[in-house]
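The values are calculated or read from the model by the stated rules, or taken from the named source; none is laboratory data. Note that the structure is a prediction, hence the values are computed from the model and not measured. Please note: Cβ atoms are built from the backbone with ideal geometry, for glycine as well, and neighbour counts cover all protein chains shown. These area figures cover heavy atoms from the full protein model, side chains too; ligands, DNA and RNA do not enter into them. Shrake-Rupley method; radii C 1.70, N 1.55, O 1.52, S 1.80 Å.
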Amino acid sequence: LAASTESARRGVEPLQPTVWAELSKGQRFELVPVSPEDLRHWTGQGTWRGDERLPVNFFEHLKVKAGADAVLFCELTHYRAYPPLQIGWRFRLVDTERQLTWWSVDELFDAGREEVQNSARRYYLRKFRSTGPLADSQSIFQTPGRFAEYSLETLAATLPGR
């Protein structure tokens, strides 16, 4: 998981497990994480963004060494962990054979916007059907991890099928 701003760098460590968990749920493809050490050894850098100039043999290394049919570039572009929560994502799925982009998205989820609030509350009520004092759908706006789950599920729903 790459980060493009200082605010985003603060969110990489706490959100990285959520990214893998949410993107795996749809089972649209098998995720094979490549460690920063392996990536650095193969390409000279531990993380890459989808908009960077890549080494000439970048995709070939990942195809041969990791058995990848495609590379998913994951970037946290914005992270605000206090209300109103904001999480920005940029993803790009690129075929290793022809280097064609199969899917890309660049989106900022801002809990200060009414349409995001409504969508996040619907997600919360659908996913966490509980009763009692903690059943308040507003709690999604107090928990960056839960808000990240919502944003990632929303984006993952736009992935193409197999």
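Restricting attention to segment 91-115, report how many residues are among the acidic types (Asp, Glu) and either more than 22 Å from Trp20 (Cα to Cα) or touching a Ser or Thr at 6+ places or on another chain (Cβ under 6 Å) (or both).
3
Please go through (1) open to solvent by 70 Å² or more (accessible area, probe 1.4 Å); (2) on the phi > 0 side of the Ramachandran plot for Gly44 and return the number of the only condition it doesn't satisfy.
Answer for Gly44: the failing condition is (1).
For segment 58-80, which residues satisfy the criterion of being under 16 Å from the mean Cα position of the chain (by Cα) and either in a loop (DSSP other than H, G, I, E, B) or among the β-branched types (Val, Ile, Thr) (or both)?
Val71, Thr77 - these are the residues of segment 58-80 that are under 16 Å from the mean Cα position of the chain (by Cα) and either in a loop (DSSP other than H, G, I, E, B) or among the β-branched types (Val, Ile, Thr) (or both).
Looking at segment 87-121, which of its residues are surrounded by fewer than 16 Cβ atoms within 10 Å (Cβ to Cβ) and touching a His at 6+ places or on another chain (Cβ under 7 Å)?
Passing the criteria: only Leu108.
When the residues of segment 81-126 are narrowed to those that are farther than 30 Å from Leu62 by Cα and part of a strand (DSSP E or B), which ends up nearest to the chain's Cα centre (by Cα)?
Phe109
Among all residue pairs at least 6 apart or on different chains, which show Cβ distances below 9 Å where the first residue, located in segment 138-151, is in a loop (DSSP other than H, G, I, E, B) and the second is open to solvent by less than 30 Å² (accessible area, probe 1.4 Å) and not β-branched (Val, Ile, Thr)?
Partner pairs satisfying both residue conditions: Gln142/Leu85; Thr143/Leu85.
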